[in-house]
Amino acid sequence: MRVCLLFLISLLLIQNAAACSCGAPNVTGRYMVEDFIGVVAINSIEESEYYQEKRVYKAKLDSVQTFKGAFPDSVFISGTLEMSYVGQCEISVRPGQKWLLYLQQEKNGHYILSWCDNPLIISGSSGEPTPFAEKAQNQIEKLSYLKKNFPNLHSEYRIYYDLGIYSEFFVNLNNLQLDTESAYYMLTFNTDVEVDSVEIIKGFGEKVDQQIIQFLKTDSLWHGGNLSNPEYSIPYETKYLINMNYSKELKRVGF
């Protein structure tokens with residue numbers, strides 16, 4: 001009986017884990033579309049009955065560092081104080097923790113945080129760094145650059161690239177010796193989500209930049225749509241900023 005019970009519990013956990021499947025868009029793409037991005041500290045958590053149809057509780061926040069938008073002094077968290085199911089994209093936060101948050105504002109002005117928002121916990125309740133601290137710091141450095149150079153950059157349209165096509169292109173673009181570790185390009189799209197033009201904001205160098213621009217305009221594949229509209233369409237001359245990085249160890253460019 002005990003073995004059967006353990007098996008059923010394991011099966012439920014597996015089903016839950018499979019149920020939460022969220023994409024992980026890059027930092028630059030998220031900077032364009034999110035309403036608030038910043039590092040926050042969890043001040044306190046409490047029960048909430050505001051959303052009767054959802055399992056949520058409320059966290060009051062302290063601002064540590066803001067990269068975009070107005071700091072919200074509180075956020076609703078998917079889950080409950082007693083139990084949060086990761087498989088349902090619910091999340092458990094506790095006072096004293098520091099998180100890097102990317103938040104999309106609801107129509108009612110509130111924010112609801114779940115694992116689908118890809119938050120990163122930087123430190124625990126006692127201030128101890130987490131395994132995600134280094135990843136968060138890397139994102140913070142990029143966010144600092146974006147805030148400094150593109151303080152008003154925002155888009156209502158999410159645009160996604162076809163990773164498979166890019167992977168093949170990056171493999172061919174190898175054995176490079178570059179001095180710049182990060183480059184930014186502003187793309188202008190037509191309504192068919194095709195790249196019409198590319199502006200070099202911060203490039204790798206003329207030769208590599210021209211190869212990248214040629215690929216972006218002729219061979220890259222993109223998808224996009226309005227955040228509030230399931231139909232995949234974007235207006236003519238929609239602009240979108242992308243970031244590519246150079247690995248000195250691999251001598252390759254990639255996202």
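The values are calculated or read from the model by the stated rules, or taken from the named source; none is laboratory data. All values derive from a computational prediction rather than experimental measurement. No Cβ is skipped: glycine too gets one built from the backbone with ideal geometry, and neighbour counts run over all protein chains shown.
Which one of GLY205, GLY254, GLY224 is within 28 Å of GLU141 (Cβ to Cβ), among the small types (Gly, Ala, Ser), modelled with pLDDT under 90 and surrounded by fewer than 17 Cβ atoms within 10 Å (Cβ to Cβ)?
None of the others qualify; the one that does is GLY254.
How many residues does region 129-164 hold that are among the small types (Gly, Ala, Ser) and either assigned to a loop (DSSP other than H, G, I, E, B) or not assigned by TED's automatic domain parsing to the domain that holds LEU101 (or both)?
Number of matching residues: 2.
With the structure loaded, tell me whether ASP196 is outside the structural domain of GLY69 (by TED's automatic domain parsing), over 17 Å from MET32 (Cα atoms) and more than 24 Å from the chain's Cα centre (by Cα) or whether it fails that test.
Taking the combined requirement at face value, the residue satisfies it.
Going by the conditions given, is PHE170 within 24 Å of SER220 (Cα to Cα) and of a type outside the set (S, T, N, Q)?
Considered against the rule, which asks whether it is within 24 Å of SER220 (Cα to Cα) and of a type outside the set (S, T, N, Q), PHE170 comes out as yes.
May I ask you to list the residues in region 154-181 that are under 17 Å from VAL193 (Cα atoms) and acidic (Asp, Glu)?
Within region 154-181, GLU156, ASP162 meet the criteria.
Restricting to strands (runs of 3 or more DSSP E) lying wholly in region 23-128: which have 3 or more residues that are of a type outside the set (Lys, Arg), touching a residue at least 24 places away in the same chain (Cβ under 8 Å) and over 17 Å from LYS142 (Cβ atoms)?
Here the list reads 36-47, 56-68, 74-78.
Enumerate the pairs (first residue in region 174-192 and outside the structural domain of LYS142 (by TED's automatic domain parsing) and farther than 12 Å from LEU241 by Cβ; second residue anywhere and part of a loop (DSSP other than H, G, I, E, B) and of a type in the set (Phe, Trp, Tyr)) with beta-carbon separation below 7 Å, excluding pairs fewer than 6 apart on the same chain, so at least 6 apart or on different chains.
Qualifying pairs under 7 Å: LEU178/PHE204; THR180/PHE204; ASN190/TYR236; THR191/TYR236.
Go through region 115-128 and give me each residue that's modelled with pLDDT of 95 or more and closer than 21 Å to TYR51 by Cα.
The answer is none; no residue qualifies.
Count, please, the residues in region 141-173 that happen to be in contact (Cβ under 8 Å) with a residue 60 or more places away in the chain and farther than 22 Å from GLU249 by Cα.
15
Residue check: is TYR240 hydroxyl-bearing (Ser, Thr, Tyr), at pLDDT below 95 and buried (at least 16 other Cβ atoms within 10 Å of the Cβ)?
Yes: the conditions hold for TYR240.
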